[in-house]
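Only the coordinates and a few stated rules stand behind these numbers; no lab work does. Just so you know, these numbers come straight off a predicted model, no measurement behind them. Methodologically, a virtual Cβ is constructed for each residue, glycine included, from the backbone with ideal geometry; neighbour enumeration extends over all protein chains shown.
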Amino acid sequence: MVNTTIKTTKKSQEIFAAAQNLMPGGVSSPVRAFKSVGGQPIVFDRVKGAYIWDVDGNQYIDYVNTWGPAICGHAHPEVIAALQEALEKGTSFGAPSIQENILAQMVIDAVPSIEMVRFVNSGTEACMAVLRLMRAFTGRDKVIKFEGCYHGHADMFLVKAGSGVATLGLPDSPGVPKSVTSNTLTAPLNDLEAVKTLFEQNRDQIAGVILEPVVGNAGFIPPDAGFLEGLRELTHEHGALLVFDEVMTGFRVAYGGAQEKFGVTPDLTTLGKIIGGGLPVGAYGGRREIMSMVAPAGPMYQAGTLSGNPLAMTAGIKTLELLQRPGTYEYLDRITKKLADGLLEIAQQTGHAACGGHIGGMFGLFFTSGPVHNYEDAKKSDLAKFARFHRGMLERGIYLAPSQFEAGFTSLAHTEEDIDRTLEAAKDVISNL
Ligand SMILES: Cc1ncc(COP(=O)(O)O)c(C=O)c1O
């Protein structure tokens with residue numbers, strides 16, 4: 001059993017204190033800050049399998065998973081070996097490589113909607129580009145997104161956004177011109193009537209609908225039965241495109257993503273995280289007819305110095321190869337169910353209102369009696385209680401995302417014993433909340 005009793009975080013505190021003067025908030029991305037849960041971020045030294053070690057030598061069981069990519073476990077030996085071999089050949093070509101073909105074919109084979117794919121460097125880039133493509137293809141400017149969904153930090157998506165924007169309770173960001181977001185329409189999640197009304201009020205003006213098919217950026221919120229199917233029908237009816245942002249859910253809730261899991265095929269899909277095996281990556285793809293509009297095949301411009309980077313492609317290829325092995329998703333589902341069900345049971349036994357669940361290797365727990373169908377429901381959960389839960393778990397060596405508005409992630413490296421250890425800690429923490 002791993003020793004996860006945290007002794008001191010003195011070095012973490014010193015490094016983070018110094019970071020505050022060097023970088024805004026001391027971090028390279030706001031979601032890493034502990035603003036909504038209190039305390040200070042832990043400064044990491046190394047990661048391996050299901051574990052992370054901080055600069056003070058403490059070991060934690062990790063459910064952040066570098067925000068999703070580490071589905072095979074951190075620093076998987078086969079991914080590292082493939083990267084070492086690739087590294088000998090150089091870090092960037094800025095020209096075509098066979099690795100791009102291999103990963104593109106793997107993505108096309110896996111994801112039902114994707115017939116052609118373009119690699120970029122982040123999920124944000126993928127979502128920016130897909131929006132341009134939606135508009136280019138339909139000749140329409142307006143787009144529907146859902147409250148609490150996060151599609152990266154590009155201007156036109158910073159409207160009622162999830163993830164760090166939700167965690168920090170920020171209003172829509174300053175610096176984003178109204179003229180840019182005036183074409184971004186929003187609806188509550190799982191509310192088909194609201195989407196219908198938007199289509200009726202904006203006839204022939206809506207390029208499409210984009211969503212996280214299983215939401216992770218407002219906490220974990222699965223789609224209601226019929227919601228994805230309803231969006232598919234509505235978009236068809238109105239000549240608009242349906243886009244699944246599967247940056248988080250791609251290769252996580254199932255090998256072929258949420259679209260495979262729920263049997264609903266969008267027109268376009270964005271990917272990131274897992275397909276880069278822990279290196280910076282993003283991708284967008286879809287029907288050949290639409291993707292053929294992308295430059296240089298077509299007129300819609302989008303480019304990138306490091307796009308299709310050979311190291312990112314190599315890590316992605318090896319990661320997907322590992323995921324193709326038999327039993328992968330059954331295992332992820334089993335341990336994640338054990339964790340999610342176990343947490344709920346503990347909350348119930350100790351008299352704390354809670355709801356949550358899991359799909360594949362993605363899970364969540366809200367401190368509210370629920371049910372949580374959308375961001376407004378998620379906001380009703382007891383955030384102060386979550387903060388105490390987070391702190392208690394951290395002190396017992398369990399590393400959870402520092403926000404109620406983020407999903408949790410498991411990996412193939414998490415053992416039954418890790419889950420037992422986590423539930424043991426949760427029992428201790430929740431009964432004392
Ligand atoms: C669903 C979704 N879309 C887009 C993004 C943005 O990706 P990136 O952080 O790689 O820019 C994220 C990041 O968490 C995400 O979860």
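What the table below lists for this structure:
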| item | result |
| --- | --- |
| Chain lengthening between THR5 and PHE44 when straightened (0.36 nm per residue, less Cα-Cα) | 12.4 nm |
| Estimated [θ] at 222 nm from DSSP helical runs (n ≥ 4, -39500 (n - 2.57)) normalised by residues in the chain, nearest 500 | -11500 deg cm²/dmol |
| Separation between Cα centres of segment 1-67 and segment 373-433, rounded to whole Å | 16 Å |
| Virtual spin-label span in nm between GLU200 and ILE108, 7 Å along Cα→Cβ | 4.2 nm |
| Overall Cα dimensions of segment 18-119, principal axis frame, Å, largest first | 46, 29, 27 |
| Potential extension, LYS427-THR350 segment - 0.36 nm per residue separation minus Cα distance | 26.9 nm |
| Debye log10 I(q)/I(0) at q = 0.09, 0.16, 0.17 Å⁻¹ for segment 77-323, Cα point scatterers | -0.37, -1.15, -1.28 |
| Mean separation of Cα contacts under 8 Å, 6 or more apart, over the residue count of the chain: relative contact order % | 23 percent |
| Within the chain, percent of DSSP bridges classed antiparallel, to nearest 5 | 60 percent |
| TYR301 versus GLU417: modelled label distance in nm, points set 7 Å from Cα along the beta carbon direction | 5.7 nm |
| Most mobile of GLU237, GLU376, GLU125 in a GNM of the chain (Cα contacts under 10 Å) | GLU237 |
| Cα-Cα over 32 Å, subset of LYS196/LYS338; LYS7/LYS338; LYS11/LYS48; LYS7/LYS89 | LYS196/LYS338; LYS7/LYS89 |
| Of PHE409, PHE146, PHE199, the one that fluctuates the most in a GNM where the chain has Cα springs shorter than 10 Å | PHE199 |
| For the chain, alpha-carbon Rg over 2.2 N^0.38 Å | 0.95 |
| Additional length obtainable on full extension of the chain from GLU115 to ARG391, 0.36 nm per residue less Cα span | 94.9 nm |
| Residue with peak Gaussian network fluctuation, the chain [Cα springs, cutoff 10 Å], from TYR331, TYR60, TYR301 | TYR301 |
| Sites LEU192 and PHE93 - FRET efficiency at Förster radius 45 Å, r taken between beta-carbons, to 0.05 | 0.45 |
| Simple label model, 7 Å out from Cα along Cβ direction - ARG32 to ARG325, nm | 3.0 nm |
| Pairwise centroid distance, computed over Cα atoms, of segment 109-139 with segment 315-345, Å | 26 Å |
